[in-house]
Amino acid sequence: MGYWNSRGLRGSSFETVINYTNEFYRQKGLAVIQKIPTPITPVEVDNAKHIISKAYFEKDSTVDYIGMAQGVGLCFDAKETKESYLPLRNVHAHQLAFMEAFEQQGGISFLLVHFLRQGEYYLLPTKELRRFWNRAAQGGRRSILREEFAPQLQVVQEKNGMINYLKAVNIILSQQSLNHR
C-alpha cells in the first residue's frame, strides 16, 4: 500500500483555485462540483501538533472532483507539472478506467492540467488521454508535451482568480453533438 507523506499536498494551491472556481459555479447556479477526499488510515499522529505524520491509503482513489453542471455529469482529476510536459506516470490506470466508465454512463471526464512554469491551464478529455496512454504502451513517448494539448481547450485564469474550465467543457459538448449528427 502507498504511504502518505508531506509530498501528498503537492498541487494544493492549484486545488485551492479549483475549489474557489467550483464555489463560484455553485453560487451562480452553474454547477455543483465536489472535491473527493482520498481515503487514508493514520499510522502515526502527532497529537501535540494535531497532524497526521504517516498514513496509508485505504484503497485507490478515483478522481479529485465529481459533480454536475447544467444536467451533465462531470468528473476530473487535477494534475500539475513544473515541466513543459505531463508525465503519464502521474495518471494511474485505475483513474483512467474510472473516467472511461464515467463517460460510458453519459458523463464527461477529463484532466485539468496546470503547467506551473508557463502559468497555463488545459483541459485534456479522457479520449485524448487514452490516445496518449496507448502511445506510451506501444513504446512511444511516456509524457504529453504542452504543445500536444488542444489550444482551444486552454483554460484562462480570470481576473477574479477563477479558472473557468466550463468554457472548455462546452467546447467538448459542442464537438460531441457534432459527432452524433
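The values are calculated or read from the model by the stated rules, or taken from the named source; none is laboratory data. Predicted, not measured: the structure shown is a model, and the values here were computed from it. Note that we place each Cβ from the backbone using ideal geometry, even for glycine, and neighbour counts take in every protein chain shown. For accessibility, only protein heavy atoms count, side chains too; no ligands or nucleic acids. Shrake-Rupley method; radii C 1.70, N 1.55, O 1.52, S 1.80 Å.
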How many Å² of accessible area per residue for the range 100-157, probe 1.4 Å? 54 Å²
Above-threshold pairs, the threshold being 31 Å between Cα atoms, out of Lys82/Lys127; Lys28/Lys79; Lys28/Lys49: Lys28/Lys49
Among 119-126, 80-87, the order from most to least packed when residues are scored by Cβ within 10 Å on average: 119-126, 80-87
From largest accessible area down, sort Lys159, Lys35; use a 1.4 Å probe on the protein chains. Lys159, Lys35
Any trypsin sites (Lys or Arg not before Pro) in the range 116-153 that lie in a DSSP loop and have at most 14 other Cβ atoms within 10 Å would be Arg117, Arg141, Arg142
Accessible-area order for His50, His94, His114, largest to smallest, probe 1.4 angstrom, reads His50, His94, His114
After finding the eigenvalues of the alpha carbon gyration tensor for the range 71-151, what semi-axes result from the square roots of 5 times each, listed largest first in whole Å? 21, 16, 10
